[in-house]
Amino acid sequence: MNRNLWLFIMLFFSVSAFAQKASLRGVLIDFGTKAPIAGVKVSLKNKNISVTSSKDGVFIFKNLSSGADELLVVSADYQPYQQSILIGKDEKIDLGNIALIRVEKASQQEENIQLFDESVLDDDNETSSQSSSYLSGASDDIYLNAASYNYSPMRFSIRGYDQSASTTYINGINFNDQERGRFNYSSLGGLNDAFRNKDVINGIENAPFAFGSLGGTTNINTRATAFAAGTKASVAYSNRSYNMRATATHSTGLMNNGWAFTGSAVWRWAKEGIIEGTFYNSWGYFLSAEKMINDRHSISLATYGAPTKRSQSAAVTQEVYDFRGIYYNPYWGYQNGEKRSSRVVNSFDPTVVANWDFKITDKQNLKTGFGFHYSNYSNTALGFYNAADPRPDYYRNLPSYQINDVLGSYGLEDQQNHMDIIMGNVDQDLVDELTGQWVNNNTDVTQINWNSLYQSNYLNNVANPDGSAKYVLEERHNDLMTTALNSVYSNQINRRLKLTAGVEANYSRGMHYKTMNDLLGGNQWIDIDQFAERDFTGNMTIIQNDLRHPNRKIVEGDRFGYDYNMHIVKAGVFAQNEWNWTKFDLSYAARFTYTTFWREGKMENGRAAVIGVQSYGKGKSLSFYDPSFKAGLVYKINGRQRLVLNGLVETRAPYAGYAYVAPRVKDTQIQKVVVNPKNPKQYRLEDLPSEKIYSYDLTYQFTTPIVKGRITGFHTITRDGVEGTGYYNDEFRTYINHTLSGVNKRYMGVEAGISVKLNNSFSVELAGTYGDYRYTDDAMGTMSAENGANLLTGELPVNAEAAKKSDIRERVYIKDLKVNNGPQLAASITLDYFHPKMWFADITLSYFDNNYLDFSPSHFTEMNYYGGTYQDEAGQDIQYSGYRKKGTYTAEERKSGKYAQDKALVEMFGTQEKLKGGFMLDASVGKVLYLNNRKQSLNINLSFSNILNNKDMVTGGYQQGRIARNNKSQTKDIQLVDRYPNKYYYAWGFNCFLNLGYKF
C-alpha cells in the first residue's frame, strides 16, 4: 500500500477518534399500545437543540458535549415528559423505550376540577376570591396539580398569596386585571380544550416569556398550530353549579398551505344548581387562526368570549345554616309561583389576541403580541327607601334577635348575674313562632317575599305618586376595557449563555356605575342618597348623588347613584441572562415598571361638594416607579438530583381598585398614616407608597425510575401594603369604608410533591404544604362613612371643617393575625391506577387545617380594644369603653367580675376564628375506547367528590364589621350580645361529574 495513503488513513481515524463526542438515543412509544410515536419534538434544554422522532419512534442526538441536561418531550397528544440526564465524556447513552401517556388521562383530571361555587367568585365587596391555583396545573409538578385539583374546594391559595401575586399570560400577553391585579378565570367560560396548552412557572423561578411574579406565572398558548388535528366533542352531567355541559373542538393542524385553524364552543346550563335558587346559563366560543408565512415568520389571531347569566349565593350565619342546611341561599324567593333571584350576574368578556413570531436567526427570536379585552360585568341587588330591610336573613328577622335585643338593654354585669330575670322579659312565643317558620321553611319568611315588595310599591304609588319606590332592583356594573402589548426578544448567544429581554405596556379603563334594572311596580326612583336623606338637616346639597342633575327621576335603564371611571397606564421593561455549566446554572433578571392611575368622575356628588372634595372630572394622578430584581442558582448534584435557590426583591405599585377611600363618592386616595413615635396621638399623612416584597425559596428536586418529586421551603415578607374592606352600619345607616395602610405580612412554609411508582399500573402521589401566613405588625386604619357621617355621632357634616373630624384614623391591632387565603395546612395521598388498555382510576384522601376566617379590622381598632376619649365635630368629648385592658391584671382583678367580662368580650369580639379542619375523599374512573383502527376514540370519565359527604367544612366567610354598643350608657359600653355573628361559606357535600367524549 502506498505509504502516503496509509498515513492519510491513519490520520483520518486519529482525527475521528479525537472528534468523537457523546450521543443520546431513545424510542418513543405509546404507553397503552406500545406502538412507536413519530413526529414528536425532543429537546435538550441546556444545549438548546432539538430533534424529531422518526417513524419508528427513534430519536438520536449526536456529538454532544458532556454535562447535566434536561430531556424534554412535548406533543399535543401526550403528556409532557421530562428527565434529567448526566452525559459523560464520549458516552453513548441509550434510554431505551420512553412510554408517553395520552392526554386523555390529563384531560380527565382537568375536566373533573371541583370548582367551588362560582357565585362567590366576585361578590359586591370583592372580599371573596377564586383560588389562585385554579387551572394553573396541567403540568408534571405533583404538588401544583394537587393544589389545583384536590385542594380547590377549600379555596386554597398557593403559599397563601393573594391572586394578584400570580400572573397569567395568553400568547405572551399579560391579561391580569390591572385595576385589581387578578386574572379572571371565569372569562374563559369553561373552554378547557381551547386553553389546555400552557407553561406553568412555579413561584419566582425563571420564566422564558416574562420576568415572572411572586406567586407563579402561567402562559396559555392559543396558537392554532399548538392543537393536534382532529375533532373532539363531549357532553357532561354534574350536580354542581351547572347540570349539563356540551363542548366541541375542531382543529385542522398545520395544512400544506401554511394555515392552521382551531375552533371550540361550550354550553353550560342548570335550571337550579346545587345551591338553592341558583341557575346557570352560559355559552362560549373560541377561534384561532395561524399562518406560517415562511421558515422565519408566522402570524396568529385568536378570539374568545363566554356570555354568561347566573345567579349568586351568600354567606350566612351559623344560626341560619342550622335551620336550613348548607345549601340555603337568601337571595331568592317565589314570584307568582316561580323562583326569582335578586342577585343575577351578567358577564361577557370578548377578547382578541394577535401575535407575530419572527425567527431572526437560528439562535434569535422575537415574539410580539397585542391584546384587546372588554369585560362586561354586572350583578343585580335589591335597594330600598324608607322601608324594612327585605333580606330574609337580616339579623332583625331571625329568632336570635328577639333574645339579643332584650339582652342588649342590660349591662354585662346584669347579664352575668341576673340571666333568669332578663330571659323572663323575652317574648318566648315570638321566638318559638319564628323558629318554627324557619325550621318548617315558610318561604314568605325564609326567602325574599317578592309579592310583598310589589305590594309595598303599589300602595306607595297610590299614597305618593311622585315619590321614590319603596323597593327596586338595581344593577351594579363593573366593566373593564384593556389594551395590552408585549414583545420578547431571546438570543442563545452561545451554548452557555442565553439573553431574554422584553417590554410590556397596558392601558386599562374601569367603568363603574349603577343602572335601574326593575322598579318592581314603582313609578320612579329619585336619585338622592337615601342614607344621607334619612339624616337630612335641610342641606339640599348633601343628599344629591349628582348636583348637575338634582332630584333626577330615574326610570328603568337609567344610570344613577354613582358613575366613575378608573384609568390605569402601566409599562415595563425587563432583561435576564441564563448561564448553563456542567454543575451549575445561574440566572438573574431585572425589571423596571412605571404605573400611573387616576379617577374620572361622571357625577358631582353632594357629600363630596359639602366637604370640599372633588368628585367630578379627572382627579389627581398617582405615579409609581418600581424596580425588581431576582436571581436563581441551580446546583446539579447528579443527573437525577438538584438544588435550586431563588430570590426576589421588588417594589410593586398599589392597585387602583384598592387605592381610594370611597371611589363611588369622591376622589380621595388612601394615604399612609405615619405616627409620631414620641406622641402616638400625632401623625402625618403621606401619599400611598409602593409595596415592598422580599422573597426566597430553596428546592430539592429528584428523579429516579421509581420516585420523583420535589420539596421546597419558602419565605416571603411584604411591607407597606394596602387593604380595604367595607360593611353596612345600620346604626348610622350608611356604608362604612375601612382601609388599612402600612400592612406588613410574612409567608413562610414548606411544600412537597412526591410520586412513587409501585409497578406498571399503580403509583402513589403524596402532596402537601404547611405554612404560617400572618400579619407581622399593627397597621393604621381609616374609617370613612360613605354618606359623610361623623362616625362618633352619626351626624352629617355641614362644612369642610366638620368633615375633617368625620373620618377616624387610629391604630389597628392586627399583629399575629392570620392571612385569610385558605388552609395553611393541606395534605393529600392519591392512589393512581393506569391499565395499558386505557383504564384510569384514582382515589384521593385530603386533609385541611389551620384555616382562619377573614377578620374585620373594626374589631381590632384602638377604640374597640382599649376605648378612650374622642372628640366630635363640635369639640365635645365622647367616652368609649373597650373590651381589653392595657397591661396585666392583678390577682384581685382576676378574681373580679370585670376580668371575666373583659375575657368574655375578647372571646366574642377580639379574636380571629379558626375554622375546623377535616378530611375529604375523592375518586374518579375513566376509560378510553379506540374505534376504527384507533382513528376514533370514546372517552368516559366519572368523578365523585367529597364521597364522605362531609358537610362541616367551612371554606371561608368573614367577620361582620359592626360591633353593638349600648349608646345609652355613659361610656357607650360594648354589649356582650351575639348580634352580628360571623358568616360562613360551606364546602359542598357529595357531588359528581360524568363526562362522555368522542374524538375523531
Failed item, numbered, when K271 is tested on (1) more than 30 Å from L366 (Cβ to Cβ); (2) surrounded by fewer than 14 Cβ atoms within 10 Å (Cβ to Cβ); (3) of a type in the set (D, E, K, R); (4) in contact (Cβ under 8 Å) with a residue 40 or more places away in the chain:
(4)
If you go through segment 145-154 one residue at a time, do you hit one that is surrounded by fewer than 24 Cβ atoms within 10 Å (Cβ to Cβ) and either within 30 Å of H512 (Cβ to Cβ) or over 21 Å from the mean Cα position of the chain (by Cα) (or both)?
yes
Working only within segment 896-910, note down all residues that are within 23 Å of Q824 (Cβ to Cβ) and loosely packed, with under 14 Cβ neighbours inside 10 Å.
E907
Of these, K630, K636, K692, K681, which one is more than 30 Å from N759 (Cβ to Cβ), basic (K, R) and at pLDDT below 95?
K681
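Restricting attention to strands (runs of 3 or more DSSP E) lying wholly within segment 568-687, give those where 1 or more residues are of a type in the set (G, A, S).
On the way: elements: 584-601, 622-636, 641-652, 672-676, 679-686.
Because the criterion is at least 1 residues that are of a type in the set (G, A, S), the strands (runs of 3 or more DSSP E) in segment 568-687 that meet it are 584-601, 622-636, 641-652.
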I'd like to verify a number: residues in segment 860-895 that are surrounded by fewer than 15 Cβ atoms within 10 Å (Cβ to Cβ), at negative phi and not β-branched (V, I, T), how many?
12
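Per-residue answers, yes or no, for (1) in a strand (DSSP E or B); (2) at pLDDT below 90; (3) at positive phi; (4) outside the structural domain of R809 (by TED's automatic domain parsing):
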residue: G721; (1), (2), (3), (4): yes, no, no, no
residue: T739; (1), (2), (3), (4): yes, yes, no, no
residue: G742; (1), (2), (3), (4): yes, no, yes, no
residue: N760; (1), (2), (3), (4): no, yes, no, no
residue: Y773; (1), (2), (3), (4): yes, no, no, no
I need the full set of residues from segment 589-609 which are surrounded by fewer than 22 Cβ atoms within 10 Å (Cβ to Cβ), touching a Lys or Arg at 6+ places or on another chain (Cβ under 7 Å) and over 17 Å from Q178 (Cβ atoms), in order please.
E604
Is there a residue being in contact with a Ser or Thr (Cβ under 8 Å, 6 or more places away or on another chain), in contact (Cβ under 8 Å) with a residue 24 or more places away in the chain, closer than 24 Å to R340 by Cα and surrounded by 14 or more Cβ atoms within 10 Å (Cβ to Cβ) anywhere in segment 478-494?
yes
Name the single residue, out of those in segment 382-410 being outside any helix (DSSP H, G or I), at pLDDT 90 or above and not hydrophobic (A, V, I, L, M, F, W, C), that is nearest to E556 (Cα to Cα).
G383
Name the pairs: first residue in segment 879-902 and farther than 19 Å from S858 by Cβ, second residue assigned to a helix (DSSP H, G or I) and at pLDDT 80 or above, Cβ to Cβ under 7 Å, at least 6 apart or on different chains?
K886/Y866
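Among residues belonging to segment 416-458 that are in a loop (DSSP other than H, G, I, E, B) and aliphatic (A, V, I, L, M), point out the one that is modelled with the highest pLDDT. Let's see the steps before the verdict.
The initial filter retains those residues of segment 416-458 that are in a loop (DSSP other than H, G, I, E, B), namely 418, 424-427, 440-442, 447-449.
Subsequent filtering for residues that are aliphatic (A, V, I, L, M) retains 426, 448.
Values: V426: 82, I448: 97.
Of everything passing the filter in segment 416-458, I448 is modelled with the highest pLDDT.
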Taking segment 695-719 as the region of interest, how many residues are over 22 Å from V756 (Cα atoms) and among the aromatic types (F, W, Y)?
2
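Take the conditions under 28 Å from I220 (Cα atoms), outside the structural domain of I637 (by TED's automatic domain parsing), in contact with a Pro (Cβ under 6 Å, 6 or more places away or on another chain) and outside any loop (DSSP other than H, G, I, E, B) and apply them to V51. Does it pass?
Values: under 28 Å from I220 (Cα atoms): yes; outside the structural domain of I637 (by TED's automatic domain parsing): yes; in contact with a Pro (Cβ under 6 Å, 6 or more places away or on another chain): no; outside any loop (DSSP other than H, G, I, E, B): yes.
No.
Restricting the search to segment 249-293, which residues are more than 28 Å from D357 (Cα to Cα) and assigned to a strand (DSSP E or B)? Break it down into steps so the answer makes sense when it comes.
Step one: list which residues in segment 249-293 are more than 28 Å from D357 (Cα to Cα), which gives 266-283.
Answer for segment 249-293, where residues must be more than 28 Å from D357 (Cα to Cα) and assigned to a strand (DSSP E or B): V266, W267, R268, W269, A270, Y280, N281, S282, W283.
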When you look at V344, is it more than 30 Å from Y395 (Cα to Cα) and assigned by TED's automatic domain parsing to the domain that holds S264, yes or no?
no
Taking segment 610-654 and keeping residues under 29 Å from L547 (Cα atoms) and either within 26 Å of the chain's Cα centre (by Cα) or surrounded by fewer than 19 Cβ atoms within 10 Å (Cβ to Cβ) (or both) leaves G612, Q614, G617, K618, K620, S621, L622
Considering only segment 134-146, I want to know if a residue exists there that is out of contact with any Ser or Thr (no Cβ under 8 Å at 6 or more places or on another chain) and modelled with pLDDT of 95 or more.
no
In segment 833-853, which residues are buried (at least 20 other Cβ atoms within 10 Å of the Cβ) and part of a strand (DSSP E or B)?
F840, D842, T844, S846, F848, N851, Y852
Name the single residue, out of those in segment 320-344 being out of contact with any Lys or Arg (no Cβ under 7 Å at 6 or more places or on another chain) and in a strand (DSSP E or B), that is farthest from G277 (Cα to Cα).
Q335
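The values are calculated or read from the model by the stated rules, or taken from the named source; none is laboratory data. These figures come from a predicted structure and were not determined experimentally. Neighbour counts run over all protein chains shown; Cβ positions are idealised from the backbone, glycine included.
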